[in-house]
Amino acid sequence: GNSVTQMEGPVTLSEEAFLTINCTYTATGYPSLFWYVQYPGEGLQLLLKATKADDKGSNKGFEATYRKETTSFHLEKGSVQVSDSAVYFCALRGYNQGGKLIFGQGTELSVKP
Amino acid sequence: DTEVTQTPKHLVMGMTNKKSLKCEQHMGHRAMYWYKQKAKKPPELMFVYSYEKLSINESVPSRFSPECPNSSLLNLHLHALQPEDSALYLCASSQGVVDTQYFGPGTRLTVL
């Protein structure tokens, strides 16, 4: 079945450091891929998405490229801020799965001033 | 506007109580979802409604009863819950089941 494996946290960085959170997936066909962010005490917010191979999603300085050859969708940001502290979830929606999202385990990011 | 609203924000209930969670969206989305999220874990899908009809039930116990009275509204009726049902309950919606899902802020449920 479909699955998502995400880099374990917590990840602690200093402000302005470079961020990479690894995400790999297993799926048949051509899934759509997403990154969601969850700030403390809140629901999930869509951060970015990609729906086909080689697509790059980007938002608020975050980027991720859909790599079919490596089945990966790693999240990157060049310079993190304290306000980026949150839990990040990689997710996929498989083909013909009725809308079901499969989430990775989540990566907690803490950015220190 | 990609807003999904959920009420109440917090709910405390006893194991013999009956309560309901409410979710609303006014984006014209035709698919709506309930997820359950335990602390430090990812959300787990419970139910999917598509065009006001239940299309997915992820083997959820019958003490959780979903309802979709119209295309903008989704309810989750709760009865005889257990303490292990305490969690954050998230609602989401999307244009259709093949489209991007947008989440509400959640209802934090505590069962005593």
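Rule-based calculations on the coordinates, nothing more; no lab input. These numbers come from a predicted model, not from an experiment. All Cβ positions, glycine included, derive from the backbone under ideal geometry; neighbour counts span all protein chains shown.
Overview of values
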read-out: Square roots of 5 times each gyration tensor eigenvalue, C-alpha, the protein assembly as shown, largest first, Å; value: 30, 21, 15
read-out: Positive minus negative residues near A:Lys68 (Lys, Arg vs Asp, Glu; Cβ under 15 Å); value: 0
read-out: Sorted largest first, extent of chain B alpha carbons per principal axis (Å); value: 36, 24, 21
read-out: Alpha-carbon radius of gyration plus Dmax, which is the widest Cα pair, for segment A:1-47 in Å; value: 13.5, 39
read-out: Cβ neighbours within 10 Å from other chains - mean over A:99-109; value: 5
read-out: Peptide B:41-53 - average C-beta neighbours from other chains (10 Å radius); value: 3
read-out: Taking all pairs of distinct alpha-carbon atoms in segment B:67-112, Kirkwood radius in angstrom; value: 12.4
read-out: Those Cys residues of chain B for which no other cysteine Cβ falls under 4.7 Å; value: B:Cys68
read-out: Translational diffusion of chain A, µm² s⁻¹ [Kirkwood Rh, Cα pairs; Stokes-Einstein; 10 °C; 1.306 mPa s]; value: 113
read-out: Over 19 Å (Cα to Cα) - which of A:Lys100/B:Lys9; A:Lys49/A:Lys100; B:Lys22/B:Lys53 fall in this group; value: A:Lys100/B:Lys9
